[in-house]
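**Student:** Below: one structure in structure tokens.
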Amino acid sequence: MNTPTLQVVQHGPLLRAEHVTIEYAGEHGTVRATEDVSFDVHRGDRFVLLGPSGCGKSTLLKAVGGFIAPRAGSLRLGGKPITAPGPDRIVVFQEFDQLPPWKTVEANVMFPLLAGGMNKPEARERARHWLGKVGLARFADAYPHTLSGGMKARVAIARALAMQPEILLMDEPFAALDALTRRKMQEELQVLWEEIGFTMLFVTHSIEEALVVGNRILLLSPHPGRVRAELNSHQFDLGSAGSVEFQAANERIHRLLFGDAASPSTVSTPAYAHP
Amino acid sequence: MSAFREPPIRPEYELALPLPSLGGAPLGPSAHPAPAHRPVFGELAWLRKAALLLVLAALWEALARWYDNDLLLPTALATGRALVDGIVSGELFGYVGVSFAVLAQGYVMGIAGAFLLTWLAVSNRVGRELIETLTSMFNPLPAIALLPLALLWFGLGKGSLIMVLMHSVMWPLTLNACAGFRAVPETLRMAGRNYGLGGLRLVLQILIPAALPAILSGLKIGWAFAWRTLIAAELVFGTTSGQGGLGWFIFQSRNELFTDKVFAGLAAVIIIGLAVEQVVFQTLERVTVRRWGMQR
């Protein structure tokens, strides 16, 4: 296991969520998405929000993104409260339509840079660099509709990384991909993280993905979303997916989420092929 | 129940694959040549349509000759000749020019009105409800039905024509543009806001391009409505300060019993309508929404 070379000055956590309660107006009155959720994300973290649907993990991520204001509690990035969306927290969404179809791959990566006031040549150079990093240099002039799902996800990741945000917010970015592509993307994300060492908040409903992608997992229970546990998973990578420890961690999370009654063999999870 | 046969157990095998040509990208040079040029069929479809038109013209010619009354039904050849004469002498261009000058003004003003209404509709809820009510009221109302009222208000002249043209463009365009803005994916809006875009920049850089397919189709419908409304309006009174448009040409030719000219005028209406649709709008769509994969 290679450790990333990170020169990190530790001044407390980068992102701090304290007693966050989020509510939104549903069809039958207000719905409580999360209740009293607290967690800290440090620089260089691959922090995973894991839970079944209805645990408010995506809502929580959108609140960090500044799209939703919490009903109670506070969200702070680098000590400053989060009030609105901003380019210091770039979101990678699950949906493929996050890429404006009228812009080429390169223009898509340049778009937020230009919106932030960077000049064109510099933005183009940066876009080329990051497209090269995700292996899409040859597709710079292609339009998104000509790309496969995995390639679109790569463009979205390149676009996010090109902004060099404080924290990368990933909202089930690989959930719409097929199992084989998803595995490949997890691998590539791992390689990128080891190379660059960004901080990310990663939302998923797949236990395997959480264990493989993250170094720390916040387990949320559904209706409303409450913290069930916070676990370490820095010891796992894609290579360890078949190991005994990995299986044990998997079962432990199952038990925490579904209670003792349900063992992994009886509860169907979005599992994918182990190597 | 257990009537199915056990499938045979076959030997396993593995194959060593040749190395991919370039970085394993899914666009390697294919060993198979592209299937032999399909578009021949498409080109044939174009030819087939032309042939069909010729057959129809021949039928028309035969019918007209059998009927033998130039006043009621001129032959296809006579109509063609009148059309060519009109073009060669430049007479037809004058009428078309007058029609287009009025049309352009009405069309542009209609677009301006539609954007104002759309802005009202997407900016707040009351505006939206108001515009929804107005569009559902006025969209089904044929613009030409407003002509008597327009004549009363603006008199016999360009003002009345522009008013009915505006009406024919504004409502369908507003309806389409509003639907287009509402259909912009939430993800795309959030992405725009994520990059710090807001207000007018969000509208210009995200919402309008994303709604472009709907806006273009609104413009197309608006054009078709405006064109037929204009011809109809010109038929009713037609001449403004001594200059008439294409509708006026048709009306006047009938008064003078040049039936072949009436037919030639109608043919011109059809040809221009088709040409704008095929050349202007198809081109616009090809270089924008179809190129971007937003429309097939």
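**Student:** Considering every residue within segment B:282-296, establish whether at least one is hydroxyl-bearing (Ser, Thr, Tyr) and within 14 Å of another protein chain (Cβ to nearest Cβ). Reasoning before the result, please.
**Tutor:** First, pick out the residues of segment B:282-296 that are hydroxyl-bearing (Ser, Thr, Tyr): B:283, B:288.
Filter again for within 14 Å of another protein chain (Cβ to nearest Cβ), leaving B:288.
Among the residues of segment B:282-296, at least one is hydroxyl-bearing (Ser, Thr, Tyr) and within 14 Å of another protein chain (Cβ to nearest Cβ), which makes the answer yes.
**Student:** Count, please, the residues in segment A:33-48 that happen to be touching a residue at least 60 places away in the same chain (Cβ under 8 Å), under 20 Å from A:TRP193 (Cβ atoms) and assigned to a strand (DSSP E or B). Don't jump to the end; show me each part of the working.
**Tutor:** Taking segment A:33-48 as the starting set, the residues that turn out to be touching a residue at least 60 places away in the same chain (Cβ under 8 Å) are A:33-39, A:41-48.
Adding the requirement that they be under 20 Å from A:TRP193 (Cβ atoms) leaves A:39, A:41-48.
So of that shortlist, the ones also assigned to a strand (DSSP E or B) come out as A:39, A:41, A:46-48.
Counting residues in segment A:33-48 that are touching a residue at least 60 places away in the same chain (Cβ under 8 Å), under 20 Å from A:TRP193 (Cβ atoms) and assigned to a strand (DSSP E or B) gives 5.
**Student:** Right, something else. List the helices (runs of 4 or more DSSP H) inside segment B:91-203, counting only whole elements, that have at least 3 residues being polar (S, T, N, Q).
**Tutor:** On the way: elements: B:91-123, B:125-138, B:147-154, B:158-182, B:186-194, B:199-202.
In segment B:91-203, the matching helices (runs of 4 or more DSSP H) lie at B:91-123, B:125-138, B:158-182.
**Student:** Another one. Restricting the first residue to segment A:108-124 and requiring it to be over 18 Å from B:ARG201 (Cα atoms), which pairs with a second residue that is at pLDDT 90 or above meet a Cβ separation below 8 Å and a spacing of at least six or different chains?
**Tutor:** If the second residue must be at pLDDT 90 or above, the pairs left are A:GLU122/A:LEU113; A:ALA123/A:MET110; A:ALA123/A:LEU113; A:ALA123/A:LEU114; A:ARG124/A:GLU106; A:ARG124/A:MET110.
**Student:** Is segment B:120-137 home to any residue that is small (Gly, Ala, Ser), surrounded by 13 or more Cβ atoms within 10 Å (Cβ to Cβ) and under 21 Å from the mean Cα position of the chain (by Cα)?
**Tutor:** No, because not a single residue in segment B:120-137 is small (Gly, Ala, Ser), surrounded by 13 or more Cβ atoms within 10 Å (Cβ to Cβ) and under 21 Å from the mean Cα position of the chain (by Cα).
**Student:** Tally up the residues in segment A:80-99 that are free of Cβ contacts under 8 Å to residues at least 40 places away in the same chain and part of a loop (DSSP other than H, G, I, E, B), please. Before you say what the answer is, go through the steps one by one.
**Tutor:** Start the filter on segment A:80-99 by keeping residues that are free of Cβ contacts under 8 Å to residues at least 40 places away in the same chain, which leaves A:80-86, A:97.
Remaining after also requiring part of a loop (DSSP other than H, G, I, E, B): A:82-86.
Of the residues in segment A:80-99, 5 are free of Cβ contacts under 8 Å to residues at least 40 places away in the same chain and part of a loop (DSSP other than H, G, I, E, B).
**Student:** Filter segment B:195-211 down to the residues that are crowded, with 20+ Cβ neighbours inside 10 Å and facing chain A (nearest Cβ under 10 Å) and list them by number.
**Tutor:** B:TYR195, B:LEU197, B:ILE206, B:PRO209, B:ALA210 - these are the residues of segment B:195-211 that are crowded, with 20+ Cβ neighbours inside 10 Å and facing chain A (nearest Cβ under 10 Å).
**Student:** Would you mind stating whether A:HIS145 is more than 11 Å from every other protein chain (Cβ to nearest Cβ) and either surrounded by fewer than 22 Cβ atoms within 10 Å (Cβ to Cβ) or within 24 Å of B:VAL289 (Cβ to Cβ) (or both)?
**Tutor:** Details: more than 11 Å from every other protein chain (Cβ to nearest Cβ): no; either surrounded by fewer than 22 Cβ atoms within 10 Å (Cβ to Cβ) or within 24 Å of B:VAL289 (Cβ to Cβ) (or both): yes.
Against the criterion (more than 11 Å from every other protein chain (Cβ to nearest Cβ) and either surrounded by fewer than 22 Cβ atoms within 10 Å (Cβ to Cβ) or within 24 Å of B:VAL289 (Cβ to Cβ) (or both)), A:HIS145 does not qualify.
**Student:** Separate question: Residues in segment A:207-231 that are crowded, with 18+ Cβ neighbours inside 10 Å, in a strand (DSSP E or B) and either free of Cβ contacts under 8 Å to residues at least 40 places away in the same chain or under 14 Å from the mean Cα position of the chain (by Cα) (or both): how many?
**Tutor:** Residues that pass the stated criteria total 4.
Residue-by-condition table, conditions (1) closer than 25 Å to A:GLY78 by Cα; (2) in the same structural domain as A:ARG43 (by TED's automatic domain parsing):
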| position | (1), (2) |
| --- | --- |
| A:PHE93 | yes, no |
| A:ASN108 | no, no |
| A:LEU114 | yes, no |
| A:MET118 | yes, no |
| A:ARG128 | no, no |
| A:TYR143 | no, no |
| A:ALA179 | no, yes |
| A:LYS184 | no, yes |
| A:HIS205 | no, yes |
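**Student:** Please work out which residue is surrounded by the most Cβ atoms within 10 Å (Cβ to Cβ), limiting yourself to segment B:259-286 and to residues that are more than 15 Å from the chain's Cα centre (by Cα) and aliphatic (A, V, I, L, M). Reasoning before the result, please.
**Tutor:** Filtering segment B:259-286 for residues more than 15 Å from the chain's Cα centre (by Cα) gives B:259-268.
Add one more test, that the residue is aliphatic (A, V, I, L, M), and what stays is B:262, B:264, B:266-268.
Values: B:VAL262: 21, B:ALA264: 26, B:LEU266: 15, B:ALA267: 16, B:ALA268: 22.
By that ranking, first place goes to B:ALA264.
**Student:** With (1) in contact with a Ser or Thr (Cβ under 8 Å, 6 or more places away or on another chain); (2) modelled with pLDDT of 90 or more; (3) more than 11 Å from chain A (Cβ to nearest Cβ) as the list, and B:LEU219 as the residue in question, which single condition is left unmet?
**Tutor:** The single condition B:LEU219 does not satisfy is (1).
**Student:** Another question, if that's okay. For residues that are loosely packed, with under 14 Cβ neighbours inside 10 Å and among the small types (Gly, Ala, Ser), scanning just segment B:38-96, find the one that is farthest from B:LEU266 (Cα to Cα).
**Tutor:** B:GLY42
**Student:** Any chance you could count how many residues in segment A:66-75 are crowded, with 17+ Cβ neighbours inside 10 Å and assigned to a strand (DSSP E or B)?
**Tutor:** 2
**Student:** On the basis of being at pLDDT below 90, within 14 Å of chain A (Cβ to nearest Cβ) and surrounded by 15 or more Cβ atoms within 10 Å (Cβ to Cβ), does B:GLY192 make the cut? Before you say what the answer is, go through the steps one by one.
**Tutor:** Numbers: at pLDDT below 90: no; within 14 Å of chain A (Cβ to nearest Cβ): yes; surrounded by 15 or more Cβ atoms within 10 Å (Cβ to Cβ): yes.
No; evaluated as a whole, the condition is false for this residue.
**Student:** Something else: Based on what the data block shows, is B:GLY247 within 30 Å of A:VAL64 (Cβ to Cβ), of a type outside the set (Lys, Arg) and modelled with pLDDT under 90? If you could, list the steps in order and put the result at the bottom.
**Tutor:** Numbers: within 30 Å of A:VAL64 (Cβ to Cβ): no; of a type outside the set (Lys, Arg): yes; modelled with pLDDT under 90: yes.
No: the conditions fail for B:GLY247.
**Student:** Is at least one residue of segment A:49-65 touching a Phe, Trp or Tyr at 6+ places or on another chain (Cβ under 8 Å), in a strand (DSSP E or B) and more than 14 Å from every other protein chain (Cβ to nearest Cβ)?
**Tutor:** Yes, segment A:49-65 contains a residue that is touching a Phe, Trp or Tyr at 6+ places or on another chain (Cβ under 8 Å), in a strand (DSSP E or B) and more than 14 Å from every other protein chain (Cβ to nearest Cβ).
**Student:** Considering segment B:131-169 alone, what residues qualify as being within 26 Å of B:VAL98 (Cβ to Cβ) and not aliphatic (A, V, I, L, M)?
**Tutor:** Listed by number, the residues that qualify are B:PRO142, B:PRO148, B:TRP153, B:PHE154, B:GLY155, B:GLY157, B:LYS158, B:GLY159, B:SER160, B:HIS167, B:SER168.
**Student:** On the basis of being surrounded by 20 or more Cβ atoms within 10 Å (Cβ to Cβ), in a helix (DSSP H, G or I) and touching a Pro at 6+ places or on another chain (Cβ under 7 Å), does B:PHE249 make the cut? Even if it seems obvious, please write down each step before you answer.
**Tutor:** Details: surrounded by 20 or more Cβ atoms within 10 Å (Cβ to Cβ): yes; in a helix (DSSP H, G or I): yes; touching a Pro at 6+ places or on another chain (Cβ under 7 Å): no.
Here the answer is no, as B:PHE249 does not meet what is asked.
**Student:** Here's another thing I want to ask about it. Would segment A:90-108 turn up any residue that is more than 8 Å from chain B (Cβ to nearest Cβ), on the phi > 0 side of the Ramachandran plot and out of contact with any helix residue (DSSP H, G or I) (no Cβ under 6 Å at 6 or more places or on another chain)?
**Tutor:** Checked against the condition, which is being more than 8 Å from chain B (Cβ to nearest Cβ), on the phi > 0 side of the Ramachandran plot and out of contact with any helix residue (DSSP H, G or I) (no Cβ under 6 Å at 6 or more places or on another chain), segment A:90-108 yields no hits at all.
The values are calculated or read from the model by the stated rules, or taken from the named source; none is laboratory data. Keep in mind that this is a model prediction, so the values were computed, not measured. No Cβ is skipped: glycine too gets one built from the backbone with ideal geometry, and neighbour counts run over all protein chains shown.
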